[in-house]
Amino acid sequence: MQTFDLSAQGLRALNSSLHALRGQTTNMTSWEIINPRGAHAIAAGVDAPVEITVRGSTGYYCAGMNKQATIRIAGSAGPGVAENMMSGTVIIDGDASQYAGATGRGGLLVIKGNASSRCGISMKGIDIVVHGNIGHMSAFMAQSGNLVVLGDAGEALGDSLYEARLFVRGSVKTLGTDCIEKEMRPEHYEALEQLLRRGEADGKAKPEQFRRYGSARKLYTFNIDNASAY
């Protein structure tokens, strides 16, 4: 295991070392980052099949643009964690601040605590599993992928939603514009079972406890009959 002391060696040196792994054959596949002290952009832009553990809480955009890597934050994460993630896995043992997983195109984001506002905003294929609650405006303009919430959801869930699927076990304060509750069919129970397992939450919840939310498909193109909804 490679142990990197961020307080002594600095963020630029860390990310440069991780970026250098792209396309390389190496035995440096396990990394431990100590003393993060809330630094921003830790392990951003990684593109290699490595495992990275951050021992502590992070600032803005940790694991942003992740590709291939498995990154675990043994603490909480600041705004924009796993922003624009392409593939791989990001696991947060604590809470996540606002817009976690924003614009994510692939991979899996697991938040073992709560997520703040705008979780999964404009998600484009990422899967997000939140063990706790999520804040307001989550999944705003979400295009594709899955958002699974074991707890409650705040106001305006799924506002202006496209084709992402939202599964919530707890209560939803309000649904956003063009977001409606939908039927849970067998294929949804099957997909949700897999998501809970991948998100390390299969022992905490069962698929039949969830409700599914999705787009009413009235805002895809302008229709004068729906003008009051815009």
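The values are calculated or read from the model by the stated rules, or taken from the named source; none is laboratory data. Keep in mind that what you see is a predicted model, and the values were worked out from it rather than measured. Note: ideal-geometry Cβ built from the backbone for every residue, glycine included; neighbour counts use all protein chains shown.
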Glu155 fails exactly one of (1) under 22 Å from Gly107 (Cα atoms); (2) within 19 Å of the chain's Cα centre (by Cα); (3) outside any strand (DSSP E or B), namely (1)
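Filter segment 126-147 for residues that are part of a strand (DSSP E or B) and of a type in the set (A, V, I, L, M); which is farthest from Leu192 (Cα to Cα)?
Ile134
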Among the residues of segment 177-194, the number that are of a type in the set (Asp, Glu) and surrounded by 13 or more Cβ atoms within 10 Å (Cβ to Cβ) is 3
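Inside segment 30-53, can you point out the residues that are polar (S, T, N, Q) and surrounded by 15 or more Cβ atoms within 10 Å (Cβ to Cβ)? Step through it out loud before you land on a result.
Let us first name the residues in segment 30-53 that are polar (S, T, N, Q), namely 30, 35, 53.
Residue satisfying the conditions is Thr53 alone.
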Expected output for segment 16-35 (first residue acidic (Asp, Glu), partner at pLDDT 95 or above, Cβ below 9 Å, 6+ apart or cross-chain) is Glu32/Thr3; Glu32/Phe4; Glu32/Ile52; Glu32/Thr53; Glu32/Val54; Glu32/Arg55
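So which of Leu150, Leu109 is modelled with pLDDT of 95 or more, surrounded by fewer than 24 Cβ atoms within 10 Å (Cβ to Cβ), among the aliphatic types (A, V, I, L, M) and closer than 16 Å to Gly199 by Cα?
Result of the check over Leu150, Leu109: Leu150.
Are there any strands (runs of 3 or more DSSP E) wholly within segment 1-86 with 2 or more residues that are farther than 28 Å from Ile134 by Cα, and if so which?
On the way: elements: 2-5, 30-34, 51-55, 70-73.
Of the strands (runs of 3 or more DSSP E) lying wholly inside segment 1-86, those with at least 2 residues that are farther than 28 Å from Ile134 by Cα span 2-5, 30-34.
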Q. Do we have any residue at all in segment 157-167 that's farther than 19 Å from Lys206 by Cβ, loosely packed, with under 15 Cβ neighbours inside 10 Å and charged (D, E, K, R)?
A. yes
Matching residues in segment 162-200 (within 17 Å of Gly145 (Cβ to Cβ) and not in a helix (DSSP H, G or I)) number 11
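Here is a yes/no grid of residues against (1) closer than 28 Å to Ile121 by Cα; (2) among the hydrophobic types (A, V, I, L, M, F, W, C):
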residue: Leu21; (1), (2): no, yes
residue: Thr26; (1), (2): no, no
residue: Thr29; (1), (2): no, no
residue: Ile34; (1), (2): no, yes
residue: Ala44; (1), (2): yes, yes
residue: Thr58; (1), (2): yes, no
residue: Ala74; (1), (2): yes, yes
residue: Val81; (1), (2): yes, yes
Within segment 201-230, restricting to residues that are modelled with pLDDT under 95, part of a loop (DSSP other than H, G, I, E, B) and of a type in the set (A, V, I, L, M, F, W, C), the one that is farthest from Ser160 (Cα to Cα) is Phe222
